[in-house]
Amino acid sequence: MTSPIDLMTSKKKPAPAANEGPAEKLTNVGKHTGKLLEPQGSAIDFPPVDPWPEPVCGAEVLAAIGDTFRRYLSLPAGAPDVLALWCAHSHAFDLFHCTPRLNLYSPEKGCGKSTTLDMVKLFVPIPVTTESLTTAVLFRLVQKITPTLLIDEVDSFLEGNEELRGLLNGGHKRGGQTYRCVGDDHSVRSFSVHCPVVLAGIGRLPATLHDRSIVIPLVRAKPGEIPERFDFRRTHRESELCRKLARWVADVRTELEQLDPRLPDGCYNRPADNWRPIFAVAEAVGGDWPERARRAYASLAASGDVSPHGRGAELLADIRDVFIKTGLDRMPSARICEDLKGREDRPWPEFRNGQPITPVQMAKLLKPFEIIPRDIRVNLECLKGYHVADFADAWERYLPPVG
């Protein structure tokens, strides 16, 4: 005799028909649960670059790519060459200790950030373009396909997203990874986050990301400044250049891996990590490319001033300017603050609650650098202030050389 429990169980779990296939099973589950059974969205495809079948001249390919950027975009001096060199590095980023983030930023909309991003996309391997990104998508994409991430509108979603910023920071260095618990047993697994990244947005990046970036500032083009608009419907020439670039990089991989390029004076620490792949590619190409890279560095490194590295470093730089301008060897704190207040392009005139920076606030910013105000004599008065020698060590450690 069938028990009441057996009857209840049989009603809850009807047996599937013998001839029921996968489609019928999905249909039945759908009828009982009312849930969406198929994956949402569209399947995505990431075809790799098919390298050009014959050897090519790297100098000619890079020149053509640089000229393409120069022809259709309004860019600062040196930027077209750096864009071409960065695209080349993206085809062999795994050879370098660090892959610099490429930061396209502007003070306002309409300055060509998205257009520049779309043009970079034409010359890099496995480009993935997005205007929004989660940490889960980032590390799974990188682990699965190692793309070149082209992230637009970063100013709209990166602020305050510490976890995403951390993964973008970690992916700057070879071996960068994150850890997640997966499966029913919650086993800990590692996921790579190391890949080339372009970040486009209005305003500066957070300090830690800026520190890992080659910065290309963009401004709105004047009427008639760009003679031609790029037609993204017709990209056969650019596709061919990308294939040729992939072929050239494949042919010089061993040389790139062994190169230790000579960097410009003053390029050390994190900037050296960022620019080393650019100079390595330039030396591998040869010809006038090393010199072009040096001119580009001189132009773009000057535009990426120290301010995003932290308020302390920015203050050090501005105080150095004050001492150079005045020629004094000691200054009262109040006098330094007075000079800082006159720098309208800096945060000091409205440092806190719309008020100028005070000697106390300045001292707090300088304290981590072991720079402490002391008694100094000025015109027979004893005042709190600083000797220029108090800053010498910090200036040498945290700022590029003057001039």
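Just give me the residues in the stretch 140-193 being surrounded by 14 or more Cβ atoms within 10 Å (Cβ to Cβ) and basic (Lys, Arg), in sequence order.
Scanning the stretch 140-193 gives ARG165, LYS173, ARG174, ARG180.
Within the stretch 11-21, identify whether any single residue is at pLDDT 90 or above and either of a type outside the set (Ser, Thr, Tyr) or touching a His at 6+ places or on another chain (Cβ under 6 Å) (or both), and answer yes or no.
The first filter runs over the stretch 11-21 and keeps only residues at pLDDT 90 or above, leaving none.
No, the stretch 11-21 has no match at all.
For the list (1) more than 24 Å from the chain's Cα centre (by Cα); (2) assigned by TED's automatic domain parsing to the domain that holds THR99; (3) modelled with pLDDT under 95; (4) of a type outside the set (A, V, I, L, M), I need the number of the one condition that GLY287 fails.
Just one mismatch for GLY287, condition (3).
Out of curiosity, is LYS109 closer than 30 Å to TRP248 by Cβ and either within 16 Å of the chain's Cα centre (by Cα) or at pLDDT below 95 (or both)?
Values: closer than 30 Å to TRP248 by Cβ: no; either within 16 Å of the chain's Cα centre (by Cα) or at pLDDT below 95 (or both): yes.
In short, no.
Just checking, which of LEU315, LEU328 is over 30 Å from ILE216 (Cβ atoms) and either modelled with pLDDT under 95 or outside the structural domain of PRO206 (by TED's automatic domain parsing) (or both)? Give the derivation first.
Numbers: LEU315 fails: over 30 Å from ILE216 (Cβ atoms).
None of the others qualify; the one that does is LEU328.
Considering only residues that are hydroxyl-bearing (Ser, Thr, Tyr) and surrounded by 14 or more Cβ atoms within 10 Å (Cβ to Cβ), which ones fall in the stretch 229-270?
Selection gives THR235 alone.
Restricting to the stretch 249-279, name every residue that is over 20 Å from HIS210 (Cβ atoms) and in a loop (DSSP other than H, G, I, E, B).
VAL252, LEU259, ASP260, PRO261, ARG262, ASP265
Can you tell me which residue within the stretch 363-403, out of those that are among the acidic types (Asp, Glu) and surrounded by 12 or more Cβ atoms within 10 Å (Cβ to Cβ), is modelled with the highest pLDDT? If you could, list the steps in order and put the result at the bottom.
Initially, the stretch 363-403 is screened for residues among the acidic types (Asp, Glu), giving 370, 375, 381, 390, 393, 396.
Checking the rest, the ones that are also surrounded by 12 or more Cβ atoms within 10 Å (Cβ to Cβ) come to 390, 393.
Working: ASP390: 96, ASP393: 91.
Residue satisfying both the conditions and the ranking: ASP390.
Within the set of pairs 6+ apart or on separate chains, which have a first residue in the stretch 141-167 that is assigned by TED's automatic domain parsing to the domain that holds LEU102 and charged (D, E, K, R), a second that is part of a helix (DSSP H, G or I) and surrounded by fewer than 16 Cβ atoms within 10 Å (Cβ to Cβ), and C-beta atoms under 6 Å apart?
Qualifying pairs under 6 Å: none.
I'd like to check which strands (runs of 3 or more DSSP E) are fully inside the stretch 139-211 and have at least 3 residues that are among the polar types (S, T, N, Q). Step through it out loud before you land on a result.
On the way: elements: 148-151, 177-182, 187-192, 197-202.
It comes to 187-192.
Which of the residues belonging to the stretch 264-289 are more than 21 Å from PRO80 (Cβ to Cβ) and free of Cβ contacts under 8 Å to residues at least 40 places away in the same chain?
Residues satisfying the conditions are TYR268, ASN269, ALA272.
The values are calculated or read from the model by the stated rules, or taken from the named source; none is laboratory data. Bear in mind that the values here come from a model prediction, so they are computed numbers and not experimental data. All Cβ positions, even for glycine, are placed from backbone atoms using ideal geometry, and neighbour counts span all protein chains on display.
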